[in-house]
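Novice: This structure is in structure tokens; I'll ask about it shortly.
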Amino acid sequence: MNKPLRRISLFCGLLVLALLIRTNWLQYVQAEDLSTRKENRRVQIAQYATQRGNIIVAGGQAITGSAATDGSDYKYKRVYNEGALWAPVTGYASQAFGSTQLESLEDKILTGNDDRLFFDRTIGMFTGEKKAGGNVVTTLMPDAQKAAYEKLGDKTGAVAAIDPRTGAILALVSTPSYDPSLFAGNSKTDEKNWVELKDSPEKKLVNRALRETYPPGSTFKVVTAAAALEHGVVTDINAPTDTPEPFFLPTTKTPMVNHAKGCEKATLNFALQVSCNSVFANVADKVTKDKMLETAQKFGFNNDKIDTPVRAFASVYDKNMDRPGNSLSAIGQFNTAATPLQMAMVAAAVANDGKLMKPYMVDQLTAPNLDVIEKHEPQEMSRPLSPANAQKLQQMMVNVVENENGTGGKAKIKDVTVGGKTGTAQHGEKNAKRPYAWFIAYAKTDKGSPVAVAVVIEDSDADREDISGGGLAAPVAKAVMEAVLKNQNKG
Amino acid sequence: MSVVTNTTTIGAIELPSRRNTELLLLAFAVVIPIFAYANVGLSIHGKLPPGMIAYGGGLAVLAGIAHLVVRRYAKYADPLLLPIGTLLNGLGCVLIWRLDQSERLQNLAKRQFGQFSESAPRQMMYTALAIALFAAVLLLLKDHRTLQRFTYISMAASLVLLILPVIPGLGADVFGAKIWISVAGFSIQPGEFAKIVIAIFFAGYLMVKRDALALASRRFMGLYLPRGRDLGPILMIWAMSLLVLVFENDLGTSLLFFGMFVIMLYVATERTSWIVIGLVMSVAGAAVVGATASHVKARVTAWLDPFACYTKSGACEQVGQSIMSFGSGGVLGTGWGQGNSDLIGFAANSDFIFSTVGEELGLAGVMAFLLLYGLIIERGVRTALAARDPFGKLFAIGLSGAFALQIFVVAGGVMGLIPLTGMTMPFLASGGSSVLANWALIGILIRISDTARRPAPAPAPSPDSEMTQVVRPS
């Protein structure tokens, strides 16, 4: 009977071999795939198994924290200090509903799983220290952030402020906001809060500063002016243009309506100061669509990869439109749309003498022991206009604020040079909805320009006449700039 | 011994008993689980578990008793079987204790049964009982051939054991599989014992019938086909397996019995045709039942793609959780007490205990466990080879083959290699029946291997050789 016995022995060996092959397949070949599947709750469990690292703002204050929970799945949960104020920066990290923005992008650092923290983890294994998360140090300036948030109050809107010299984001506000602490856990209350926020008609979860585009209205005239100067259509900003009154959109019989007076043959300088639509429509037509597009793109339009590292939506300057479309787009209407960050970048590029710095908000990543793992170096993104032209444009923007006829008088700051541009963007079918109020501005001292800011306020309940960038948005911009300047003097 | 008195007989050379080897291996088999136990305590509670001495001492005492019994009553037995069984059983207790510490499973038990009770102390108690049974087997079963006498009684007994779970009032339906009976508060899995009893029947029956089954056959297409009337037994076993499958919803047991029978039939008759017939019949049976029984169908769906139906079916979720457990363990595993295999929930410490091995000990640990099981099987097959009597050969190969099939079916099931069945991993899984039955199985293999390696008794010195006088005609 021994021959069949040997064969059975072989057969049993094959059974074990099959199991060995299978376990290698599962635990080696497919291990990565299986351990990170969406059904695998270990991912979240690991995320909240240790104290999560913090997101820190300029000045060293942490805007997040970790609290111990009594649940069996997750040992800790995320808590936020002044969550609603900082939500557009932090995003949220929820046990039940996932994470977004910095919480999601820097998750590996915050949980301590990043490869660059491998050494710390290994040391910890021997010293018995618990695994801890690293920190994300941002460039945000608490005073500027608070000033913007408080000034916006209960209005719906957004503010983005950057340091034109480096591209560092100083303020990023979106109202109405939400407190990410409300749904950081996985309890029934968390779920209720989450559903309420998700379905809220005010769209509280939307980060308007980065992830919402608005027609930029007259603030876009700064871009048009830059294109006119760069492409030689206007060389002297104080020379009269050949704009007739009324000005008809090219190839059409549609007149371009001006809300300001004195726009006939107005100079570019005056046209920006009082916001003449006709002059800019005329100039843009002469620049031609392709060159308008070129300049707009240098400012960052149509770029869907503006990573701060949180990715901002792409602002739009339409690539395929006819001449009247181009003229309309040049005054920030038609298909033109911009995020508040984008408009802050426009102001920043002008303020920084034509050099646009890449916007960023993460300054450093640090290990739990505060060693710096990664430091952001400011990067130049593009040069939309030459220094000479930038200075001409600065002069024009300063006029908007300082000149007694200017529309941006409310942003005036004593003893500081401020340049700005108002905007009132119409939207909705037949422009029926209440317009958006815009204001973009920068402040300049002898040390260069420390701040450029863009403010947008959605459908306000004020009268239509009052919703002008100058009236509603300029004071917000002013408050932010003052906060930054004050901070700078302190430091 | 009077070994040298007669030089005319071969086979009287005494083999080394290997008992000291066994003792040394046993020391490792006791120490390793104790370290594992300490490891779990340190990682979960940050301190050595309080029951450390009691548990370690208990395991050492049990192993010591088993060793002494073997030394006394089965001196020439295989030296590997006992240490491997002890090691697996010890690690099984640690795994069960580790899962007892899981808050998730505690909460689950409280929700389902209103209270949570620890399984590890019970498992230790069953282990003690099992070692007693092991000792009893060696003490009472002086020669495995005595079992031959019980061939037909075994058949009746195994049938009863298989039928018990379907008897109303006695059987308990646990998540669809009716393989349990509850007697006086205890849950018993009769199938585990039936495995051994039925092996006795097959061995006894085939030993008698093997010539008829092997020789009386016709050649057809290169295969020796048995006569119609000789097909009777295999048809009966096949039908019984199918009935178990249909009425008890237990794919595992039915596969195990049929597989064991085919293996033993093949060994007894040395006819490949039986393997072919067996395979054809199991495929046919599996296809018919798989297409009709909803329980089996759900298991097959879960096996094909557990994540496609993950949220819809409990069977899919179980398999999905189990293979995610394996995947999350990776090559080296998370370490004792640091995995989340308790996410599997129901039956985490019985049917799915191998997933905890996968997650916490990793690929390395799983391979080590599989090789340990492989070693038991290999020692069993070796015992069958060494056995001198056909009954012993058949019995040993039947038990080893069934053991191998069980490992394959259970581990393959939790790893998603084959559809999941309701059987448990020998020695590891929580449950008294399984531990008792498997220690009895090891006891029997040890007995057969002892008989096989025992030096042939020296022929009784013939008193006549001296006394007989040559009568010469004078």
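The values are calculated or read from the model by the stated rules, or taken from the named source; none is laboratory data. Please read these numbers as outputs of a predicted model, since none were measured by experiment. Cβ placement follows ideal geometry from the backbone for every residue including glycine, while neighbour counts extend to all protein chains displayed.
Novice: Being within 14 Å of chain A (Cβ to nearest Cβ) and of a type outside the set (Asp, Glu) is the filter here, so list the residues in segment B:267-281 that pass it.
Specialist: B:Val267, B:Ala268, B:Thr269, B:Arg271, B:Thr272, B:Ser273, B:Trp274, B:Ile275, B:Val276, B:Gly278, B:Leu279
Novice: Working carefully through the options A:Ala46, A:Ala58, find the one that is surrounded by fewer than 21 Cβ atoms within 10 Å (Cβ to Cβ), more than 7 Å from chain B (Cβ to nearest Cβ) and either polar (S, T, N, Q) or in a helix (DSSP H, G or I) (or both).
Specialist: A:Ala46
Novice: Against the condition within 7 Å of chain B (Cβ to nearest Cβ) and among the hydrophobic types (A, V, I, L, M, F, W, C), how does A:Leu34 come out, does it pass?
Specialist: Against the criterion (within 7 Å of chain B (Cβ to nearest Cβ) and among the hydrophobic types (A, V, I, L, M, F, W, C)), A:Leu34 qualifies.
Novice: Same structure, new question: Does any residue of segment B:303-318 turn out to be within 26 Å of the chain's Cα centre (by Cα), closer than 20 Å to B:Val208 by Cα, within 14 Å of another protein chain (Cβ to nearest Cβ) and of a type in the set (A, V, I, L, M, F, W, C)?
Specialist: Checked against the condition, which is being within 26 Å of the chain's Cα centre (by Cα), closer than 20 Å to B:Val208 by Cα, within 14 Å of another protein chain (Cβ to nearest Cβ) and of a type in the set (A, V, I, L, M, F, W, C), segment B:303-318 yields no hits at all.
Novice: Only one of (1) farther than 24 Å from B:Gly330 by Cα; (2) within 14 Å of chain B (Cβ to nearest Cβ); (3) part of a helix (DSSP H, G or I); (4) not polar (S, T, N, Q) is not met by A:Gly71, so which one is it?
Specialist: Tallying (1) farther than 24 Å from B:Gly330 by Cα; (2) within 14 Å of chain B (Cβ to nearest Cβ); (3) part of a helix (DSSP H, G or I); (4) not polar (S, T, N, Q), A:Gly71 fails exactly one: (3).
Novice: I would also like to ask the following. When you scan segment A:75-88, do you find a residue that is within 32 Å of the chain's Cα centre (by Cα), within 11 Å of chain B (Cβ to nearest Cβ) and either part of a loop (DSSP other than H, G, I, E, B) or farther than 22 Å from B:Gln338 by Cα (or both), even just one?
Specialist: Within segment A:75-88, none of the residues are within 32 Å of the chain's Cα centre (by Cα), within 11 Å of chain B (Cβ to nearest Cβ) and either part of a loop (DSSP other than H, G, I, E, B) or farther than 22 Å from B:Gln338 by Cα (or both).
Novice: Here's another thing I want to ask about it. Out of B:Leu59, B:Leu80, report the one residue that is touching a helix residue (DSSP H, G or I) at 6+ places or on another chain (Cβ under 6 Å), surrounded by fewer than 21 Cβ atoms within 10 Å (Cβ to Cβ) and among the hydrophobic types (A, V, I, L, M, F, W, C).
Specialist: Checking each option against the conditions leaves just B:Leu80.
Novice: Being assigned to a helix (DSSP H, G or I), surrounded by fewer than 24 Cβ atoms within 10 Å (Cβ to Cβ) and within 10 Å of chain A (Cβ to nearest Cβ) is true for just one of B:Leu385, B:Leu332. Which residue is that?
Specialist: B:Leu385
Novice: Quick one: B:Gly413 ticks every box in (1) more than 10 Å from chain A (Cβ to nearest Cβ); (2) among the small types (Gly, Ala, Ser); (3) without any contact (Cβ under 8 Å) to a residue 24 or more places away in the chain except a single one, so which number is it?
Specialist: (3)
Novice: Now for a separate question. Does at least one position in segment B:394-401 carry a residue that is over 30 Å from B:Ala293 (Cβ atoms), part of a helix (DSSP H, G or I) and away from every other protein chain (no Cβ under 14 Å)?
Specialist: No: segment B:394-401 contains no residue that is over 30 Å from B:Ala293 (Cβ atoms), part of a helix (DSSP H, G or I) and away from every other protein chain (no Cβ under 14 Å).
Novice: Then there is this: Spot the failing condition for B:Tyr373; the list is (1) closer than 25 Å to B:Ile179 by Cα; (2) in a helix (DSSP H, G or I); (3) more than 8 Å from every other protein chain (Cβ to nearest Cβ); (4) not small (Gly, Ala, Ser), and only one is missed.
Specialist: (3)
Novice: Still on this structure: What are the pairs, 6+ residues apart or on separate chains, where a residue within segment A:228-243 that is over 11 Å from A:Ala266 (Cβ atoms) and modelled with pLDDT of 85 or more has its Cβ under 8 Å from a residue that is in a loop (DSSP other than H, G, I, E, B) and of a type outside the set (A, V, I, L, M, F, W, C)?
Specialist: Short answer, once both residue conditions are applied: A:Leu229/A:Thr235; A:Glu230/A:Pro384; A:Glu230/A:Ser386; A:Val234/A:Thr241.
Novice: Hey, can you tell me all the residues within segment A:1-17 that are facing another protein chain (nearest Cβ under 7 Å) and either surrounded by fewer than 16 Cβ atoms within 10 Å (Cβ to Cβ) or at pLDDT below 90 (or both)?
Specialist: Hits for segment A:1-17 are A:Met1, A:Asn2, A:Lys3.
Novice: Another question about this same structure. Any idea how many residues of segment A:28-43 are assigned to a helix (DSSP H, G or I) and in contact with a Gly (Cβ under 6 Å, 6 or more places away or on another chain)?
Specialist: Of the residues in segment A:28-43, 3 are assigned to a helix (DSSP H, G or I) and in contact with a Gly (Cβ under 6 Å, 6 or more places away or on another chain).
Novice: Filter segment A:307-348 down to the residues that are aliphatic (A, V, I, L, M) and out of contact with any helix residue (DSSP H, G or I) (no Cβ under 6 Å at 6 or more places or on another chain) and list them by number.
Specialist: A:Ala314, A:Val316, A:Met321, A:Leu328, A:Ala337, A:Ala338, A:Ala344, A:Met345, A:Ala347, A:Ala348
Novice: I want to confirm something. Restricting to segment B:242-257 and keeping residues that are in contact with a Gly (Cβ under 7 Å, 6 or more places away or on another chain) and part of a helix (DSSP H, G or I), which single residue is surrounded by the fewest Cβ atoms within 10 Å (Cβ to Cβ)?
Specialist: B:Leu242
Novice: Of all residues in segment A:201-254, how many are within 27 Å of A:Lys305 (Cα to Cα), outside any helix (DSSP H, G or I) and in contact with a Lys or Arg (Cβ under 7 Å, 6 or more places away or on another chain)?
Specialist: Number satisfying all stated conditions: 2.
Novice: For segment A:304-404, which fully contained helices (runs of 4 or more DSSP H) count at least 2 residues that are β-branched (Val, Ile, Thr)?
Specialist: Output list reads A:340-351, A:387-402.
Novice: Residues that are touching a Lys or Arg at 6+ places or on another chain (Cβ under 9 Å) and within 30 Å of B:Arg388 (Cα to Cα): which helices (runs of 4 or more DSSP H) entirely in segment B:102-179 hold 2 or more of them?
Specialist: Helices (runs of 4 or more DSSP H) meeting the threshold: B:120-140.
Novice: I'm told A:Trp25 meets every condition in (1) more than 9 Å from chain B (Cβ to nearest Cβ); (2) at pLDDT 90 or above except one. Can you identify the failing condition by its number?
Specialist: Here A:Trp25 clears every test but (1).
Novice: Considering only segment B:87-109, state which residues are away from chain A (no Cβ under 14 Å) and small (Gly, Ala, Ser).
Specialist: B:Gly90, B:Gly92
Novice: Now a separate question. Which one is modelled with the highest pLDDT, of the residues in segment B:175-193 that are among the hydrophobic types (A, V, I, L, M, F, W, C) and farther than 27 Å from B:Phe134 by Cβ?
Specialist: Among residues in segment B:175-193 that are among the hydrophobic types (A, V, I, L, M, F, W, C) and farther than 27 Å from B:Phe134 by Cβ, the one modelled with the highest pLDDT is B:Ala177.
Novice: Checking B:Phe354 against (1) in a helix (DSSP H, G or I); (2) under 11 Å from the mean Cα position of the chain (by Cα); (3) under 14 Å from B:Asn89 (Cα atoms); (4) aromatic (Phe, Trp, Tyr), which single condition isn't satisfied?
Specialist: (2)
Novice: Here's another thing I want to ask about it. Determine which member of the set A:Ala228, A:Ala184, A:Ala239, A:Ala209 is out of contact with any Ser or Thr (no Cβ under 7 Å at 6 or more places or on another chain) and among the aliphatic types (A, V, I, L, M).
Specialist: Checking each option against the conditions leaves just A:Ala228.
Novice: What pairs can you find where one residue is in segment A:168-194 and without any contact (Cβ under 8 Å) to a residue 60 or more places away in the chain, the other is part of a strand (DSSP E or B), and their Cβ atoms are less than 6 Å apart, with a gap of 6+ or different chains?
Specialist: A:Thr175/A:Gly157
Novice: Please pick out the residue among B:Ala120, B:Ala74, B:Ala135 that is closer than 19 Å to B:Ile442 by Cβ and crowded, with 22+ Cβ neighbours inside 10 Å.
Specialist: B:Ala74
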